[in-house]
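K.L.:
The structure that follows is given in the form of C-alpha cells.
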Amino acid sequence: MLTGTVPSRVRPEPEPSGLPVVHAAARYEDAVRAALLAHKERGALALAAPLGTALARAVLAGIADPAGP
C-alpha cells in the first residue's frame, strides 16, 4: 500500500490563491484511503507507524522541494 511509494507534489483544481506547496505520501484512493479511514474512524492503531512513516517522507519531500518554503 504505502511501501515503495514516492511522495509527490499535489495541487487541487482549482488551486486556491496563496496555497503553499503540498506533498502527499500517496494518492488518497483505494487501499490508502481504506487504511487512513480505518486508522482515523475505527481506531486501527497498528497503522500508526506505517502512516507516520509515510507522512514523515511527505514532509521531508516538501522541505526539499525548491518551490517550497
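The values are calculated or read from the model by the stated rules, or taken from the named source; none is laboratory data. Predicted model, so just to flag it, every value in this text is computed and none were measured. Quick reminder, even Gly has a Cβ in these numbers, built from the backbone with ideal geometry, and neighbours come from all protein chains shown. Just so you know, the surface numbers come from the protein's heavy atoms only, side chains and all, with ligands and any DNA or RNA stripped out. Shrake-Rupley method; radii C 1.70, N 1.55, O 1.52, S 1.80 Å.
K.L.:
Can you give me the angle between helix 48-64 and the longest principal axis of the chain, using Cα atoms only, in degrees from 0 to 90, rounded to the nearest 10?
P.N.:
Value to nearest ten degrees: 10.
K.L.:
Please sort 14-23, 46-55, 28-37 by packing, taking for each peptide the average over its residues of neighbouring beta carbons within 10 angstrom, highest first. Please report the intermediate quantities before stating the final value.
P.N.:
On the way: 14-23: 9.6, 46-55: 14.1, 28-37: 12.6.
The packing order, highest mean first, is 46-55, 28-37, 14-23.
K.L.:
Looking at the P(r) of the chain, how many percent of alpha-carbon pairs lie beyond 17 Å?
P.N.:
Numbers: 1106 of 2346 pairs.
Cα-Cα pairs of the chain separated by over 17 Å account for 47 percent.
K.L.:
Another question about this same structure. How much area per residue is accessible in the chain when the probe is 1.4 Å and only protein heavy atoms are counted (Å²)? If you can, show how the numbers build up before the last one.
P.N.:
On the way: 4930 Å² over 69 residues.
Accessible area per residue: 71 Å².
K.L.:
Under 8 Å for C-alpha pairs, at least 6 residues apart: give me the relative contact order for the chain, rounded to a whole percent. Could the numbers behind the result be given before it?
P.N.:
Details: 62 pairs, mean separation 26.9, N = 69.
Computed value for the chain: 39 percent relative contact order.
K.L.:
Could I ask something else about it? Using alpha carbons only, how many degrees (0 to 90, rounded to 10) separate the axis of helix 30-42 from the longest principal axis of the chain?
P.N.:
70
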